[in-house]
Every structure is written in structure tokens, then in C-alpha cells.
Amino acid sequence: MTTRGQAGQAAFRTARADTATRAPILLAGLALASLGAAASQPAHAQSAAPGAAVVLSPIMVEGQADNAEATARRRLEAIPGGTALVAEEDLAGKANVTVSDALSGVPGVVVQNFFGGNDQPRIQIRGSGLQQNPVERGILALQNGLPLNRADGSYIVGLANPRQAEFTEIYRGYTANRLGASMLGGAINVISPTGSSAPGYRLGVEGGSFGQFNTSLQAGGSAGKLDGLVQVQRSQRDGYRDYNSSERTGFDANVGAVLSDTVTTRFFAGYTDLSFDVAGPLTRQLLESNPKAVYTGPRVVNGVATNPGPNVVRDRPEREARQFRVGNRTTATFGAHLLDVALGYTHTDDTFRFPISSGIRKTEGGDVTAVARYAYSPDASQPLPLFETTLRYVVGSADREDYLNNAGSQGALFGRSTVDASTLALHGGLNLPLGNAVTLSPALTVTHATRENDDTFGAARRPTIAFNPANPRVALPAGSIPAGDTSYDRSYTGFSPSLGLTWKPLEDHTLYAAVSRSFEPPNHDDLIATVNGTPNSSAGRPNPAQPGLVSTAYRTPDLRAQTATTVEAGWRGRFGGVAVDAGTYYSWVKNELLSLRDATGASLGAVNADRTRHFGVDVGLSAFLTERLSGRIAYTFQDFRFQDDPVRGDNRLAGAPRHVINASARYDITGAWSVGAEVDWYPGRTPVDNMNSVYTDGYATVDLRSTYAINERVSVYGEARNIFDATYASSTLIVDQASPTQAVYLPGDGQAFYAGLKVSF
């Protein structure tokens, strides 16, 4: 992305020319994330695009250095599908940049915060993975083209850090098939800068409300045929609510080398240490009266438990995750042929202390990913290769242990297993010019996945624990249940054909349409779940007062893979300083994977819905209204429903807001000083449960920000968030049938103020 220049007519003309690539609602990143162009026009080194080449210097086209924006514009208009790019400049002036901040302005991507800070928000694209709490499925999450997901498809979104990114690519729907991802939602790729793209040193410090304090350091450079870059970042926060702290420490490095005139390579290494408190949901009454509180569980009235929900004060749920990443990507070009090979390894150590009903889950293991891409581009004037293919294979194993949550401390072991997974995806496609600016793009993705669980617990019985509902701090007699066997061995194979068509009637306008299939196998969190617990008793103990009641602690459903047929169409166009990106889709989904909870919030495990349908509209609009004033709007419409379900009829799927609007404006007072405003608006109500009996209200928040460049090397910025101090639920738990008095509402942050300093030298 180009940097905004000095105010004036020349800057205004440049701004108008670059409209389509400045705002994150536009699809500029598709060029870096699409099918891969001819070898003479490679994309950024870390782009996840099949065939994208590793480069160290600006791309040369017709004797002039071409930048990522120009390459992006050329390719985006050729792709029959939706993607987006969020550049570093799009986040200028935002303090404490999280995944939510990076994606809030992208139409078609819905982000709902759980607890603020460095937590794991709910991210869903086209409803894929909508009902997991917390979300760990439905999207392929990448960093520098290598997955953060484990081999079974689960991921911890908090491990991605857009603060350290040069830009972030978003792939909606089947456009991610080119990455070897066949799920309905798509993929997100966080791309780091390199020593060539970001030479020198950069230091950042920021802080503000709720004990927020962030520091970052970046150093990069190049010498001859080598370049390298190192990033270190630390973020900590006390939190808006009680028991709401979070911390994140990240390290990333990459080194690139030109091995010959036709071969380049880049090595990556990274480490992230993430931890956050799970402050938990509130009842509606507490949300409105004291949104900073944490819940203490059901109250017993006349011997009956009311206001169901977790006891956060006693159980102290939290998550601690550490991930180490290392990888390499090497590209070779031979005339019209481009071969790109990547190999990566991740080691993840994840401890999640759930409320007592689920206990403490510890998972540690490693995953290996291998990717091979090939593109054939005999005509360099065409933006897309004539043929492309991608092979992606990921395999991993982890040890998983479950312990009782004994009033916030680790109790007895009640489950142990080894989980193995593999996913093999092969994608191949053509891009056939038909004349009259029309391109036909047929493709096929074949996916084969395995999921295996070996129960190694060994003991004949599993221990249980419970507390007195009338006095939740008082423990009841311990109990035990027969252990049973949770082992399983499942495999899934799916075929995902697609057919896309693009037509470019004018230079600045592109129409596209596509039909595609998606295929998403369940992950281990779907296939094995702790069940039959309550807010005052552990898994396998549905009645706290009866420790000997025979029940099961685990559910291992024989789930089918989620599939869908999707039709979509869209238009991208520019009218001078105004750019429009609009698209719509309709998906017929079969066997949708839903993660259900009961009226107390305890897990019921995952199920396959019979038939559901997902309909959506994504619209992005950006404009340079004057030489100093610019703005953008991102609108997302979602209507996700059951279809003739015997229990739920045609109800809306819980957790999916129908309308999501993000709008922002920026005014450049001088060449160095700018001010801006942003509005997040969720109009209408969103169902909390699939029975559509309980809803959360819509809300709107307003943020103000300002940046000032003291000189070319030093800049300061400030931000005021939620300036009207609105009280609202940024998200909710998702349950099958909710109680009106249930603790399901997750408060969003109140009014906050931040300031920051950036220095480069």
C-alpha cells in the first residue's frame, strides 16, 4: 500500500488512482493470494498464493519497479471470487491492534470479541465454524503461507498477530481451495515484512485504559543476495472486567536468499506465548447493571437452581498456549513454468482451564505441513496461469490429558489419549481465455482426512467432583464412573469441483460468477467432547449430589463431514475516486457441524444438522470525496437458517448477526496530521439459541483517532474507543435452547483511551 502523501492536487490524483487498493474492504490482496502469475511477475514472498514466488527486490515490469498494489489490481479483476487485503496503513492510528481490529473493515468477515485483549474472538466467514465456543474450526489460519491450524483443522486465532504483519490476506469461500483448503469459510493469511520490504529499525510503544501496555521492536536489512528481519512484540492488559487479564509475547524472524537466477528461498521461525483469563458470560441483568462483573454460578431459590451459568470466581477458567513455528519456502522459475515448495513444522502446547463441567484440557504435539505448487503461464500478458495445481499435506500427533478443575486448581486425571490427524488436499485448475475479456476457470479439489484417537487412560473408573449448589464453595463427596473407551478411527474423502467465470466489459469493471462445492471434516474437538456435567459438577456427573449415578464423561459421535454447494456472483468497479466491491452467495449446506450446549452452558458435544442454508451479501464502498477527505463502508448481510428441521423448523442459526456495518472516515488536516472516526454497528437482534427463544440486542460503538508525524522517523497517535460508553454484549455463548435468565452475554469493552509512539531509523 502506498503512503498518503502531502495534501494537494497531486496527492489527490494519486489517491484517486489508488482507490481500489487502499481500503481493506477492497480485494487488492487477491493479486497476492490468487492463482499465481507468470514468472516475470511474482507476488510477495509470504503470499499463500499457489505459484507465488519468493522475491527479494521490487518486481520489474517494462523497465520500471512494480509494487504490490499494481500487481494486485491486475490480478484481482481476473478472479471469480472474493478476497480482501488489510495493509499496515489501514490500521494506522489504532492502538492495541488485535485480529478483531484488523478484520473489522472487511465485508463478509464477522468478528465478535469474547473478552477483549489477546483472547480468542469468534471469527466466521459465511457461517463456517459459527457455533464453536471458542471457535477453533471453519477457517484455515496461516502465517506467511504456513498453517497455524493443527492437522485436524483446529486453530487458536490468538496466535496470529496482525500488529506484526505487513498485510493480511483474506480468502472467502472456495477461493481458498487454491491453498488446499476446501472448507466453506476460507482462509486468512498473516504476512510478515522482510528485510527488503522493511529495512532499518522500528520501535513502538503504546498504552492506555484497562492497564494496556504494548512494546514492539523490528529490525531488518539486506546485503547482496541475502535479506533478513526480526520482530519482537510484548502486549499485556489488566482488562475491562474483573478477572480479565491477558498477555502475549511474540517473536518472528525470516531470512531470504537468491540461490541462482531462477531459484530463491526463504526461511521462517517464530514463537508465540499467549495467555488470557476467560472472564465468562453474564446474565442480562448483570450485563445491564454491572458489565465489569464476573459470574458466580446459579442461585438456589426454594431448592431450585436458577440463572444457570458457570462459576467463574470459583473455577477461574483461562487459556495458556505456546506455539513454535519453523519453515522454508523455495521457488524455481523456468520460463513459463513456476514451481513453489514449502515445508513447515509447528509445536503447540495448549492448556485450557474450562469451568468445572469440562475440566482442564492439556494438549501438546507437533504438526508437519508440506506444500507443492506448480503454475504454467505460456502467455505473460494474461493475469492468471493457464494451469495451476497445489498439493498440501499436513500430519500431526498430540498427547491430550483431561484433569478435574478443583476450584481453579488442577485436580485428578480423568482422561488421557493420543490424537492423530492427517489432511491431504490436491487442487488443480485451468484459466481459459474465451475471448471478449471472458475467462472460464474450472477446478477440482480432492480432500482425504483421517482422525484417530487412542484412549490411553488405562484405569477402570474416571473420578468426578462436585460442589454444593446451595453453597458453591463447599465440596461434595468425590465419586467415580466406569471409564469406558473413547477410541475411534475415522476417515473422510471429498471431491470439491468449482467453475468460475469472469467478464471484464471495461478496464475498471469486472463481473464474476461461480459455483463450487466445499468439504470440511470434523476435528478432534468435534469428535470427542466432555459431557454430562453441570456448573457445579464435572463431566460424567449430571447430578452433583449423586456421585454414584452411572453416566458417561465423554461423547464420541460418529460425525459426517460438512459439505455445501455454493453459488456466488459479484461486481468490482471504479468510478474515478469511488470504488465498489459487491458480492452475494447462497450455500446449500448438508451435515453442518454444530457444537451444542445445554441450558446451563455445559457441552452437549457436536452434531450434524440435516440441512441448513446460508445466504449472504457483502458490500464494500470506498471513496476519496476531496483531496483531504476519504471514507469507506463495509456491509455484511447474513441469513443462516435450518431447513425443515424436525425440531427447529426454519429457525435462524444461533450466533450469526443479520447485519454488520463498519464505516470509517479520515480527514488530512495537513500532510502530517490526520483525524478519523469509525463506527461499528450491529443493528437488529441476534438469536442466542437455535430455538430462537432468547436474543441479544444490537449495538453501535464510535471510535475517534488521530495521528501526527513529527518528522519522517517519529510519529505519535491517540485513540478514543467507545466514546459514548455504550453497554453491550459483543458476543454470546451459543446454546441449543437457552433460558431467559441464563448467563450467556459477553460484555464488550467500555470507554477507553490509548496513545502510542512509533520511531524508525
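The values are calculated or read from the model by the stated rules, or taken from the named source; none is laboratory data. This one's a predicted model, so the numbers in the text were calculated from it and none came from an experiment. Counting neighbours? That spans all protein chains shown, and the Cβs are built from the backbone with ideal geometry, glycine included. Keep in mind that these areas ignore ligands, DNA and RNA; they rest on the heavy atoms of the full protein, side chains included. Shrake-Rupley method; radii C 1.70, N 1.55, O 1.52, S 1.80 Å.
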Subset tally (residues that are farther than 21 Å from residue 692 by Cα and within 23 Å of the chain's Cα centre (by Cα)) for the stretch 607-635
9
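When the residues of the stretch 314-358 are narrowed to those that are closer than 30 Å to residue 409 by Cβ, part of a strand (DSSP E or B) and of a type in the set (Lys, Arg), which ends up least open to solvent (accessible area, probe 1.4 Å)?
Here is the first cut: in the stretch 314-358, the ones closer than 30 Å to residue 409 by Cβ are 314-324, 346-358.
Filter again for part of a strand (DSSP E or B), leaving 318-324, 346-353.
This time we only want the ones that are of a type in the set (Lys, Arg), so: 319, 322, 353.
Numbers: 319: 5, 322: 73, 353: 45 Å².
Result: 319.
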Quick check on residue 422: is it open to solvent by less than 30 Å² (accessible area, probe 1.4 Å), among the polar types (S, T, N, Q) and farther than 29 Å from residue 395 by Cβ?
no
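On the given criteria, is residue 308 crowded, with 18+ Cβ neighbours inside 10 Å, under 30 Å from residue 479 (Cα atoms) and modelled with pLDDT under 95? Steps first, answer last, please.
Values: crowded, with 18+ Cβ neighbours inside 10 Å: yes; under 30 Å from residue 479 (Cα atoms): yes; modelled with pLDDT under 95: yes.
The answer is yes for residue 308.
Is it the case that the stretch 126-141 has a residue that's of a type outside the set (S, T, N, Q), within 18 Å of residue 329 (Cα to Cα) and over 10 Å from the mean Cα position of the chain (by Cα)? Don't jump to the end; show me each part of the working.
Of all residues in the stretch 126-141, those of a type outside the set (S, T, N, Q) come to 126-127, 129-130, 134-141.
Still in the list and also within 18 Å of residue 329 (Cα to Cα): 141.
Keeping just the survivors that are over 10 Å from the mean Cα position of the chain (by Cα) gives none.
Looking for residues that are of a type outside the set (S, T, N, Q), within 18 Å of residue 329 (Cα to Cα) and over 10 Å from the mean Cα position of the chain (by Cα), one finds none in the stretch 126-141, hence no.
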Output for Cβ contacts, cut-off 6 Å, separation at least six or different chains, first residue free of Cβ contacts under 8 Å to residues at least 24 places away in the same chain in the stretch 681-696, second among the basic types (Lys, Arg) and open to solvent by 50 Å² or more (accessible area, probe 1.4 Å), reads 695/685
Got a sec? Which of 555, 572 is modelled with pLDDT under 95, under 24 Å from residue 152 (Cβ atoms), in contact with a strand residue (DSSP E or B) (Cβ under 6 Å, 6 or more places away or on another chain) and of a type outside the set (A, V, I, L, M, F, W, C)?
555
Just the residues that are of a type outside the set (Gly, Ala, Ser) and open to solvent by less than 20 Å² (accessible area, probe 1.4 Å), please, taken from the stretch 427-458.
427, 431, 445, 447, 451, 453
Within the stretch 279-315, which residues are charged (D, E, K, R) and under 15 Å from residue 467 (Cα atoms)?
299, 314, 315
Please indicate, with yes or no, whether at least one residue in the stretch 459-476 is out of contact with any helix residue (DSSP H, G or I) (no Cβ under 7 Å at 6 or more places or on another chain), at pLDDT 95 or above, open to solvent by less than 40 Å² (accessible area, probe 1.4 Å) and in a loop (DSSP other than H, G, I, E, B).
yes
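Let's see how each residue does on (1) surrounded by fewer than 19 Cβ atoms within 10 Å (Cβ to Cβ); (2) in contact with a Phe, Trp or Tyr (Cβ under 9 Å, 6 or more places away or on another chain); (3) not hydroxyl-bearing (Ser, Thr, Tyr):
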{"site": "627", "(1), (2), (3)": "yes, yes, yes"}
{"site": "635", "(1), (2), (3)": "no, no, no"}
{"site": "646", "(1), (2), (3)": "yes, no, yes"}
{"site": "659", "(1), (2), (3)": "yes, yes, yes"}
{"site": "665", "(1), (2), (3)": "yes, no, yes"}
{"site": "672", "(1), (2), (3)": "yes, yes, yes"}
{"site": "676", "(1), (2), (3)": "no, yes, yes"}
Across the stretch 152-183, the tally of residues that are open to solvent by 10 Å² or more (accessible area, probe 1.4 Å) and acidic (Asp, Glu) stands at 2
Residues of the stretch 184-220 being open to solvent by 30 Å² or more (accessible area, probe 1.4 Å), of a type in the set (S, T, N, Q) and in a strand (DSSP E or B), which ones?
215, 216
Filter the stretch 284-295 for residues that are of a type in the set (Ser, Thr, Tyr) and surrounded by fewer than 20 Cβ atoms within 10 Å (Cβ to Cβ) and give the result.
289
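Only one of these is more than 25 Å from the chain's Cα centre (by Cα) and outside any strand (DSSP E or B): 261, 227. Name it.
On the way: 227 fails: outside any strand (DSSP E or B).
Just a single option satisfies the conditions, and that option is 261.
From the list 231, 236, which residue is open to solvent by 20 Å² or more (accessible area, probe 1.4 Å) and touching a strand residue (DSSP E or B) at 6+ places or on another chain (Cβ under 7 Å)?
Working: 231 fails: open to solvent by 20 Å² or more (accessible area, probe 1.4 Å).
One residue alone meets the criteria, 236.
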Test: residue in the stretch 546-563 that is part of a strand (DSSP E or B), open to solvent by 20 Å² or more (accessible area, probe 1.4 Å) and of a type in the set (Lys, Arg)
yes
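Residue-wise test of (1) in contact with a Leu (Cβ under 8 Å, 6 or more places away or on another chain); (2) in contact (Cβ under 8 Å) with a residue 60 or more places away in the chain; (3) under 30 Å from residue 472 (Cα atoms).
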| site | (1), (2), (3) |
| --- | --- |
| 387 | yes, no, no |
| 390 | yes, yes, no |
| 395 | no, yes, no |
| 398 | no, yes, no |
| 402 | yes, yes, yes |
| 408 | no, yes, yes |
| 423 | no, yes, no |
| 429 | yes, yes, no |
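For residue 724, indicate whether it is touching a helix residue (DSSP H, G or I) at 6+ places or on another chain (Cβ under 7 Å), at pLDDT 95 or above and closer than 23 Å to residue 279 by Cβ. Quick ask: steps written out before the conclusion?
Details: touching a helix residue (DSSP H, G or I) at 6+ places or on another chain (Cβ under 7 Å): no; at pLDDT 95 or above: yes; closer than 23 Å to residue 279 by Cβ: yes.
When the stated conditions are applied, residue 724 does not pass them.
Within the stretch 727-739, take every residue that is of a type outside the set (Ser, Thr, Tyr) and in a strand (DSSP E or B) and give me the one that is modelled with the lowest pLDDT.
Filtering the stretch 727-739 down to residues of a type outside the set (Ser, Thr, Tyr) leaves 729, 733-738.
If we keep only those that are in a strand (DSSP E or B) as well, we get 729, 735.
On the way: 729: 95, 735: 87.
Going through the qualifying residues, I end up with 735.
Table: residues versus (1) assigned to a strand (DSSP E or B); (2) buried (at least 17 other Cβ atoms within 10 Å of the Cβ); (3) modelled with pLDDT of 95 or more.
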| residue | (1), (2), (3) |
| --- | --- |
| 365 | yes, yes, yes |
| 368 | yes, no, yes |
| 374 | yes, yes, no |
| 379 | no, no, no |
| 383 | no, yes, no |
| 388 | yes, yes, no |
| 399 | yes, no, yes |
| 403 | yes, yes, yes |
| 413 | yes, yes, yes |
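Residue under question is residue 86, and the condition is that it be at pLDDT 85 or above, open to solvent by less than 10 Å² (accessible area, probe 1.4 Å) and closer than 12 Å to residue 168 by Cβ; does it hold?
Values: at pLDDT 85 or above: no; open to solvent by less than 10 Å² (accessible area, probe 1.4 Å): yes; closer than 12 Å to residue 168 by Cβ: yes.
So residue 86 fails the test.
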Check whether at least one residue in the stretch 591-599 is modelled with pLDDT of 95 or more, assigned to a strand (DSSP E or B) and closer than 30 Å to residue 512 by Cα, and report yes or no.
no
So for the stretch 742-758 (the condition being out of contact with any Lys or Arg (no Cβ under 8 Å at 6 or more places or on another chain), closer than 30 Å to residue 304 by Cβ, modelled with pLDDT of 95 or more and in a loop (DSSP other than H, G, I, E, B)), does at least one residue qualify?
no
Residue among 727, 741 that alone is under 26 Å from the mean Cα position of the chain (by Cα), over 26 Å from residue 90 (Cα atoms) and open to solvent by 20 Å² or more (accessible area, probe 1.4 Å):
727
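Tell me the residue from 581, 508, 526 that is acidic (Asp, Glu), buried (at least 23 other Cβ atoms within 10 Å of the Cβ) and over 28 Å from residue 733 (Cα atoms), please. Let's see the steps before the verdict.
Details: 508 fails: buried (at least 23 other Cβ atoms within 10 Å of the Cβ); 526 fails: over 28 Å from residue 733 (Cα atoms).
Answer to the check: 581.
Inside the stretch 291-313, can you point out the residues that are in a loop (DSSP other than H, G, I, E, B) and among the small types (Gly, Ala, Ser)?
Taking the stretch 291-313 as the starting set, the residues that turn out to be in a loop (DSSP other than H, G, I, E, B) are 291-295, 297-298, 302-303, 307-310.
Matches in the stretch 291-313: 293, 297, 303, 309.
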